[in-house]
Each structure stands twice: as C-alpha cells, then as structure tokens.
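Read the structure below first, then the notes.
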Amino acid sequence: MNTKEHSGFIQRLMANGDINYWDSEIEKAAEQDKNCVRVNILLLRGINRLKLLKFNLPNALFQGKNRDLCVTYLTASIYNEIVCDGAVNIVVFMENKNEERCLANVIEWELKRKYERMKIYGNFGDDIRIDNSMTFSYNFTKELQQNLVPLLGNEKQGSCIGVDVGGTNIKTVIIKSGNVVYSAIEEVHREGGGQVLKSQILLGILKAKVEAQKKRYNIKCLGLTFPAPIKKAKDRSFKIVRMTNFERYWKEANKGSSDFTEDYNALNGIVDDIRKQDIHYIEVMNDADAFGFNEIFHRISQGEGKGVDAILAP
C-alpha cells in the first residue's frame, strides 16, 4: 500500500462509522499489504467454551495516530461479539509480544471507557478479565454443565404454573398436559419499584393456585421469566443482573436515586415466597432463553428431533 492509498484508506474509515464498512475496507487493505498484522482474540465463555476472533490488519493501522482507529475497530468488534454470546475472559495474541502486551492494555482501557456496561450484558455483571498470552492460563475439564435432566414421572402427570414478566404486562398461566387451561394478564405497575413488582407476581401465582384448586389440578412446578439477564449459581439459585426497562421508572419512585439494591433484593428473594405457596420445583429464566427452550421442546414433541422429555433442573 503506497502513501496515497494509505491516506485514502484512513480517510474512508474516518468518514464512515459503520462497523460492517470497516470490516470490508480493512479486509481489502490487508489483502494488499504484505506487512499486514495478525491479531487473534480468544473469548472464553465458561467451562470448555471458547471462540477465536481472527483479524488481519493493514500495517497502516499500527502507525502513529492510526493506532486509535485500530483500537476502536478491535474493541467494537469484541463488544459486538460479547453482548451476543458472552465471555468471562478476553485474551490477545500477536507474534510481537511487546506489541501484544501494549495492545491488550489499550483494549482493556478502551472497553472500560466506552463499554462500561459490557460486563452486564456479557457476563451477568461480573468483571471480564483481559489478558495477553503471557498472563493467560486455562485448563480444560471433564465437567459438563447439564442444563437439562429427564422429566420426572409425577411432573408429567401434574400441572405447572408459568409466569412471564414483561415490560408492560405480567402473564400467568396454568399448563396441564401441554395445554394452557388458565390464563390471566395484569398490567405491570413499573413505578412501584421491585417490591411492588414482586407482590404483583406473587398475587398472580396465588390466583392461579386458587383456580387450580377449584379444578383439582395438582401443581407440581413453576416457571418464572424476566426480561433481564439471569445469572445462575451452581446451587441453581439466581440473580437478576439488570432490568433496564424498569430502572428509569424505579428511579422516579426512588425520588431520583439510582440505588436499586432494595428493588433487586426483593425480586431475587421471590423464590422463597413462592415456596410458601407449596410449590417447590421452581425455575427462573431470562424470557428469551425460555422461548428458545420452548422451541426445542416443541420440536421434540412434534417428532422433529431426537430427544427425551425434559425440564430445566433446579
């Protein structure tokens, strides 16, 4: 790449903020550059889960002020990947180890400066570690994360309550033998804070329980979904990371305070209150995850795939 081509390439990047355009322009420039630089970014996503992002970058992006463009491109690419599929660790690999160490440091600084909420969407609010190849260590394990277990016989014969908490409404249903036999919708009182939302959920469950008792349905389990990232612990306890669509209303209810500790404490303790209604098999999930599992189970039940009857294990 000669000086004129170099200048035109940089100007095109600076004039266009579309990441897809940058992907295309950088790829074309790298193909023409015999001195292009390879940068590999390893994303660790938990037990035995990883993905490698490969970047061929024209050498021009490592010269002078152009390094800022390089870091902007890499951090935006990393962020887009992590908010979609998550990560617990980011590792930078380059042939030049001094350059690798410097690049890892500036990527870490840039991610913290521009994408401070990345850890909320990508790692349930926990910090995402950023390493270079010299500080990184990883061990494979034989441990398997079993999300599904065979559905027990008494749960097949019983009925379940499902509660979907949305940004506008709370929908509560009773499902018996795969069919919805009761459904109720109540508007969410978002301005009331987490404690009021919790009370609305519990009231909806109580009404469903009363209806089940009238019809002599035997409620064996309950599923509860929230429009929020849900972090699960190994003991199957859960933590709502952030309910973005609710916090602006909670802030008004809290007289301008952005401290939502009590709101989240109320919601994260809801399972103990549900158990008081004699429901002990309870699963809490993100609403999008629940939709995905529903699609899997539906296809299995329709004979579109091989599998067994299953339910999420507590």
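Just so you know, all these numbers are worked out from the coordinates, no wet-lab data involved. Note that the structure is a prediction, hence the values are computed from the model and not measured. Reconstructed Cβ throughout: ideal geometry from the backbone, glycine too, with neighbour counts over all protein chains shown.
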So for V180, V71, fewest C-beta neighbours within 10 Å to most, what's the order? V180, V71
Point-to-point label distance, R49-E31, nm (Cα→Cβ direction, 7 Å offset): 3.4 nm
Which of rounded, prolate or oblate describes segment 3-132 when judged by the alpha-carbon gyration tensor and an a/c cut-off of 1.5? prolate
Quickly rank 99-111, 24-36 as a protection proxy: mean count of other C-beta atoms within 10 Å, highest first. 99-111, 24-36
Classify segment 11-51 as rounded, prolate or oblate from the Cα gyration tensor: take a ≥ b ≥ c as the square roots of its eigenvalues, call it rounded if a/c is under 1.5, otherwise prolate when a/b beats b/c and oblate if not. oblate
Eigenvalues of the Cα gyration tensor times 5, then square-rooted: what semi-axes does that give for segment 10-87, in whole angstrom, largest first? 24, 14, 10
Principal semi-axes in Å for segment 82-132 [√(5λ), Cα gyration tensor, largest first]: 22, 11, 7
Just the projected area, averaged over all directions, of the convex hull on the alpha carbon atoms of segment 191-255: how many nm²? 5.6 nm²
Percent antiparallel among DSSP beta bridges (both partners in segment 3-132, rounded to 5): 75 percent
Taking the simple approach of a point 7 Å from Cα along Cα-to-Cβ for both S257 and F291, what is their distance in nm? 3.5 nm
Give K176/K198; K214/K239; K28/K119; K54/K232; K97/K234; K207/K239 a once-over and call out the pairs whose C-alpha atoms are over 29 Å from each other. K214/K239; K28/K119; K54/K232; K97/K234
Listed peptides 88-98, 273-283 by packing density, highest first (mean Cβ within 10 Å): 88-98, 273-283
